[in-house]
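In what follows, a structure is listed as structure tokens, so that the remarks can point back to it.
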Amino acid sequence: MAEEKEKTVEAHATEETPIATIVQSESEKKHDSYEVEIEETTLSWSESEEQLIVRKMDKNIIPWVTVMYLLSFLDRVNIGNAKVVNSNAAGVGSMEADLGLTGDQYNWALSIFFVGYVIFEVPSNLMLKRVRPSRWLARIMVTWGLFAALLAASVNFASLMIFRLLLGIMEAGLFPGILFYLSFWYRKHEYARRMSWFFAAASASGAFGGLLAFGIARLDGAAGLAGWRWVFLLEGLPTILFGVATWWVLPDFPSTAKFLTDRERKIANERLKRENVDPDEVEFSWHQFTSTVSDAKVWIWMILYISQLIPLYSFSFFLPSIVRGLGFTSLNAQAMSSPPFLMACLASVASGFSSDYFKDRSSHVMFGLGVGSISFWLLAFVRGTAAQYALTIICAMGIYSSIPPILSWVSNNVTGSTGAGVALAMVVGFGNIGGAIAGQVYKSSDAANFYQTGHIVNGSLTIVGIVLALLQRLYLISLNKKRAEAEKLLSPEENPETLFVTADSPRFRWQL
């Protein structure tokens with residue numbers, strides 16, 4: 001076999017990191033082997049050794065953050081399950097009757113959650129590295145679990161609004177925090193599938209939450225508490241316990257991971273530095289902050305994401321009510337809301353794997369939104385219990401599967417620790433304004449018409465999302481062409497093949 005030609009890539013030094021040289025084989029794209037020379041010593045690793053390290057990361061990180069997000073989404077949307085408990089007939093013992101909710105008050109209780117949630121997203125991500133991920137994420141979990149359980153103590157509309165507002169404030173930062181946290185561990189082509197695993201927990205929580213509420217509702221009257229109060233209480237307490245455990249269990253950074261050997265920690269750090277990520281960087285960069293905030297591409301992703309989240313949240317909040325409107329009893333509606341979420345979970349994971357395999361984000365966003373759009377429009381006009389129920393399943397699969405690739409798309413196109421943290425928090429934070437709007441999409445007054453207006457609104461928003469994703473893709477293609485032309489005009493001295501490539505470099509290419 002002919003010898004492979006080797007090329008040398010020089011790394012920039014930082015105060016903490018010595019100058020390093022990576023000797024990489026021609027089979028770079030297959031990630032076959034690497035050699036990293038650091039302070040006159042050589043660290044080399046094979047593809048199989050790197051895969052072993054990644055598997056260790058998967059084993060020690062992904063299950064934990066998956067449960068974290070499952071509990072988060074469960075506590076956020078279980079109000080939809082609580083609403084339909086005892087909601088048949090006169091609704092005696094139901095949440096709406098016990099709290100005296102009238103008109104659109106339930107919708108406002110949904111929306112108020114996102115006020116604090118949106119405001120505190122960016123500050124939370126900036127705190128994540130300074131406080132340590134295990135400490136900051138544990139704090140988030142314990143405090144939001146407390147207020148999730150306290151929803152059971154609501155006595156009227158005002159107290160429900162206060163608890164929902166505080167729940168949003170305390171939970172702020174978890175989702176963008178986990179996204180940011182995963183970027184400390186995984187390379188760009190590994191990111192989407194891992195993100196899809198933990199995001200699948202959102203749809204799994206819908207399936208699990210429906211079945212759990214189905215069982216908890218049978219406690220109606222136990223200890224003098226209505227069934228809907230038991231839903232909040234028993235789904236909030238586990239979050240507190242898991243948050244306490246997170247403080248001790250969740251690893252912070254590759255350089256301090258106890259499940260890796262000293263050699264594996266060095267490899268885990270160096271492989272990320274090849275992709276402009278320094279897991280140990282904690283200093284705040286005003287340059288990265290201002291350039292990210294003023295970046296038009298980030299704002300396009302923000303608007304695109306909100307066009308995805310309004311349909312996703314409104315559908316998730318109201319699915320039990322939508323299913324009940326098809327003729328199911330309130331108790332059976334809890335159980336029948338599970339299959340759509342279960343299929344959405346599988347679709348999300350498949351989307352993440354496919355997106356990583358083809359190294360393409362935008363096409364997967366457009367495909368998922370396309371499936372969701374068609375389903376929403378059909379739900380608005382098709383009648384028949386079986387057909388409408390089947391469409392809820394297809395709709396859930398479409399809108400949920402569009403989320404992993406959009407967030408990976410953002411993360412893959414931002415360089416620097418501060419830039420990545422701010423960009424993800426901006427996109428997720430702005431998108432969650434959609435959560436506040438989502439609470440107003442499906443109105444009780446439209447229930448007799450099978451929530452037709454809400455389906456039309458969501459069908460229209462998914463079309464907006466498809467158009468924005470297409471325009472962003474075309475824009476990035478044009479930028480890449482300009483970068484390629486600019487790179488040809490530079491001499492080797494002006495365009496050195498350095499390890500760290502910033503977004504300003506002619507060598508940087510935007511991920512599609």
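Being over 16 Å from LEU110 (Cβ atoms) and either within 25 Å of the chain's Cα centre (by Cα) or basic (Lys, Arg) (or both) narrows it down to one of VAL142, VAL155, so name that one.
Working: VAL155 fails: either within 25 Å of the chain's Cα centre (by Cα) or basic (Lys, Arg) (or both).
Answer to the selection: VAL142.
So, in region 242-261, how many residues would count as being in contact (Cβ under 8 Å) with a residue 24 or more places away in the chain and open to solvent by 70 Å² or more (accessible area, probe 1.4 Å)?
Residues meeting the conditions: 4.
Scan region 264-272 and give yes if some residue there is assigned to a helix (DSSP H, G or I), in contact with a Gly (Cβ under 7 Å, 6 or more places away or on another chain) and modelled with pLDDT of 85 or more, otherwise no.
There is no residue in region 264-272 that is assigned to a helix (DSSP H, G or I), in contact with a Gly (Cβ under 7 Å, 6 or more places away or on another chain) and modelled with pLDDT of 85 or more.
So which residues in region 204-234 are over 28 Å from CYS345 (Cα atoms), in a helix (DSSP H, G or I) and open to solvent by less than 40 Å² (accessible area, probe 1.4 Å)?
Within region 204-234, ALA222 is the sole residue that qualifies.
Can you confirm whether region 97-104 contains a residue that is among the acidic types (Asp, Glu) and more than 21 Å from GLY210 (Cα to Cα)?
Within region 97-104, one or more residues are among the acidic types (Asp, Glu) and more than 21 Å from GLY210 (Cα to Cα).
So is ALA390 more than 18 Å from the chain's Cα centre (by Cα) and modelled with pLDDT of 90 or more or not?
When the stated conditions are applied, ALA390 passes them.
Among MET366, MET426, which is touching a residue at least 40 places away in the same chain (Cβ under 8 Å), over 16 Å from the mean Cα position of the chain (by Cα) and surrounded by fewer than 24 Cβ atoms within 10 Å (Cβ to Cβ)?
Sole residue among the options that is touching a residue at least 40 places away in the same chain (Cβ under 8 Å), over 16 Å from the mean Cα position of the chain (by Cα) and surrounded by fewer than 24 Cβ atoms within 10 Å (Cβ to Cβ): MET366.
Of the conditions (1) open to solvent by 20 Å² or more (accessible area, probe 1.4 Å); (2) touching a Gly at 6+ places or on another chain (Cβ under 8 Å), GLY116 satisfies every one except a single condition; which number is it?
With respect to (1) open to solvent by 20 Å² or more (accessible area, probe 1.4 Å); (2) touching a Gly at 6+ places or on another chain (Cβ under 8 Å), GLY116 is out only on (1).
Scan region 389-407 residue by residue and report those that are out of contact with any Pro (no Cβ under 7 Å at 6 or more places or on another chain), more than 27 Å from MET426 (Cβ to Cβ) and either of a type in the set (A, V, I, L, M, F, W, C) or open to solvent by less than 10 Å² (accessible area, probe 1.4 Å) (or both). Before you say what the answer is, go through the steps one by one.
Keep residues of region 389-407 that are out of contact with any Pro (no Cβ under 7 Å at 6 or more places or on another chain), which gives 389-391, 394-395, 397-398, 400-407.
Keeping just the survivors that are more than 27 Å from MET426 (Cβ to Cβ) gives 389-391, 394-395, 397.
Hits for region 389-407 are ALA390, LEU391, ILE394, CYS395, MET397.
So how many residues does region 447-473 have that are under 16 Å from ILE310 (Cα atoms), outside any helix (DSSP H, G or I) and open to solvent by 50 Å² or more (accessible area, probe 1.4 Å)?
The qualifying residues number 0.
Working only within region 374-433, note down all residues that are more than 30 Å from ALA448 (Cβ to Cβ) and of a type in the set (Val, Ile, Thr).
ILE403, ILE406, VAL410, VAL414, THR415, THR418, VAL422, VAL427, VAL428
Pick out the one residue from LEU151, LEU128 that is crowded, with 18+ Cβ neighbours inside 10 Å, in contact with a Gly (Cβ under 6 Å, 6 or more places away or on another chain) and touching a residue at least 60 places away in the same chain (Cβ under 8 Å).
After applying the criteria, what remains is LEU128.
Would you say SER348 is within 23 Å of THR453 (Cα to Cα) and of a type outside the set (D, E, K, R)?
When the stated conditions are applied, SER348 does not pass them.
Within region 330-346, how many residues are in a helix (DSSP H, G or I) and buried (at least 24 other Cβ atoms within 10 Å of the Cβ)?
Within region 330-346, residues that are in a helix (DSSP H, G or I) and buried (at least 24 other Cβ atoms within 10 Å of the Cβ) number 6.
Do we find a residue being more than 19 Å from GLY372 (Cβ to Cβ) and aromatic (Phe, Trp, Tyr) anywhere in region 408-421?
Step one: of region 408-421, the residues more than 19 Å from GLY372 (Cβ to Cβ) are 410-421.
From the residues that got through so far, the ones that are aromatic (Phe, Trp, Tyr) too are none.
No, region 408-421 contains no residue that is more than 19 Å from GLY372 (Cβ to Cβ) and aromatic (Phe, Trp, Tyr).
Being hydrophobic (A, V, I, L, M, F, W, C) and surrounded by 22 or more Cβ atoms within 10 Å (Cβ to Cβ) is the filter here; which residues of region 164-181 pass it?
Across region 164-181, the qualifying residues are LEU167, MET170, ALA172, LEU174, PHE175, ILE178, LEU179, PHE180.
The values are calculated or read from the model by the stated rules, or taken from the named source; none is laboratory data. Being a predicted model, the structure only gives us computed values, none of them experimental. For neighbour counting, all protein chains shown are included, and Cβ atoms are generated from backbone atoms with ideal geometry for every residue, glycine included. Side chains are part of the model used for accessible areas, which takes the heavy atoms of the whole protein and leaves out ligands, DNA and RNA. Shrake-Rupley method; radii C 1.70, N 1.55, O 1.52, S 1.80 Å.
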